[in-house]
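A short worksheet on the structure shown next.
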Amino acid sequence: MRILATYNIKGGVGKTATAVNLSYLAARDGFRVLLWDLDPQGAASFLFRVKPRVKGGGKGLIQGRRPLDGAIKGTDFDNLDLLPADFTYRNLDLLLDAAKKPERRLASLLAPLKSEYDAVILDCPPSISLLSESVLHAADLLLVPLIPTTLSVRTLDQLTEFVGEFNGHRPDVLAFFSMVDRRKRLHTQITRDLPTQRPDFATAVIPALSVIEQMSVQRAPVAAFAPRSVAAREYEALWQEARKRAGLRIRPTAA
Ligand SMILES: Nc1ncnc2c1ncn2[C@@H]1O[C@H](COP(=O)(O)OP(=O)(O)OP(=O)(O)O)[C@@H](O)[C@H]1O
Ligand SMILES: [Mg+2]
């Protein structure tokens, strides 16, 4: 089981859109996928038409009184399950703070699911908190969406430095440009130059496209309702790069 997380300290950069599309594409490739919507706003749960509710709330899960698999829901798609958000997730930091080794908590909660899923994708709320620290420790691969600016690249370097200091398990980092506006010169310049210069940048770039915004109207991944769109093609390219980086090999039996 490989754990991937979409993460950025900033809000509204495309974390959820990426988590939703990559979960869908991974499941379509035949992997058994679990998407955990860790954001109390519940956007990923909404997009997969699952009620953002967990019996016993975040408390039951974090304290280990209720195993994760009891809260897991199916989605409309084969191979793809969802662990929904719950409004009580807003208190996850407090709950983690009360736990032993909070930064390892998420990894240990997910460990029993090892044989049930090939890939777990964590959709994080925008913050740097005890929860995000626990996510960073659990993840094998961090997918970091960046709006193309010099400052966002600086934020990425801070993140890489931070995880580089972890003892033991360290996640790999794959950044990619998100919401790219080709009409902006700076966007074109940065997205053209950086991926060729830095191995931590994906070559796939997600443009700013209204079909991606349509996800919240269709309540489905763009790769599902507009499979021939540029958006679907770019998410597919990003997924293939992420898949290889995470060491997920497509089985010959997969469709
Ligand atoms: N490439 C894109 N082009 C156009 N709109 C996009 C794109 N990616 C995401 N959006 C839209 O922008 C908004 C924010 O995207 P998303 O929810 O994926 O970001 P986020 O980083 O998860 O936000 P938050 O930090 O609030 O969780 C959504 O309305 C989404 O539909
Ligand atoms: Mg989000």
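Throughout, read-outs are computed from the coordinates displayed, never taken from laboratory work. On a predicted model such as this, the values are computed, not experimentally measured, just so you know. Virtual Cβ from ideal backbone geometry, glycine too; neighbours counted across all protein chains shown.
Could we say that residue 180 is within 12 Å of ligand 1 (Cβ to nearest atom) and not basic (Lys, Arg) here? Criteria met by residue 180. For the stretch 104-134, which residues satisfy the criterion of being surrounded by fewer than 20 Cβ atoms within 10 Å (Cβ to Cβ) and within 16 Å of ligand 1 (Cβ to nearest atom)? Passing the criteria: 126, 127, 128, 129.
For the stretch 165-198, residues that are in contact with a strand residue (DSSP E or B) (Cβ under 9 Å, 6 or more places away or on another chain) and not basic (Lys, Arg) total 18.
Please tell me if residue 110 is within 16 Å of ligand 2 (Cβ to nearest atom) and either farther than 22 Å from residue 48 by Cβ or in contact (Cβ under 8 Å) with a residue 60 or more places away in the chain (or both). Spelling it out, it is not the case that residue 110 is within 16 Å of ligand 2 (Cβ to nearest atom) and either farther than 22 Å from residue 48 by Cβ or in contact (Cβ under 8 Å) with a residue 60 or more places away in the chain (or both).
So that you can scan it fast, the table gives a plain yes or no per residue for (1) within 16 Å of ligand 2 (Cβ to nearest atom); (2) closer than 27 Å to residue 244 by Cβ; (3) touching a helix residue (DSSP H, G or I) at 6+ places or on another chain (Cβ under 8 Å):
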{"site": "26", "(1), (2), (3)": "no, yes, yes"}
{"site": "44", "(1), (2), (3)": "yes, yes, yes"}
{"site": "82", "(1), (2), (3)": "yes, yes, yes"}
{"site": "89", "(1), (2), (3)": "yes, no, yes"}
{"site": "94", "(1), (2), (3)": "no, no, no"}
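Free of Cβ contacts under 8 Å to residues at least 12 places away in the same chain and not basic (Lys, Arg): is that true of residue 70 in this structure? Answer is no for this residue.
Out of the residues in the stretch 104-149 that are part of a loop (DSSP other than H, G, I, E, B) and acidic (Asp, Glu), state the one that is nearest to the chain's Cα centre (by Cα).
Within the stretch 104-149, the first condition is being part of a loop (DSSP other than H, G, I, E, B), and the residues that meet it are 114-118, 124-129, 139-140, 147-149.
Remaining after also requiring acidic (Asp, Glu): 116, 118, 140.
Values: 116: 19, 118: 15, 140: 11 Å.
For the stretch 104-149, the residue satisfying everything is 140.
Yes or no: residue 47 touching a residue at least 12 places away in the same chain (Cβ under 8 Å) and more than 10 Å from ligand 1 (Cβ to nearest atom)? No; evaluated as a whole, the condition is false for this residue.
Each residue in the stretch 14-33 was checked for being farther than 21 Å from residue 110 by Cβ and within 12 Å of the chain's Cα centre (by Cα), and 3 of them qualify.
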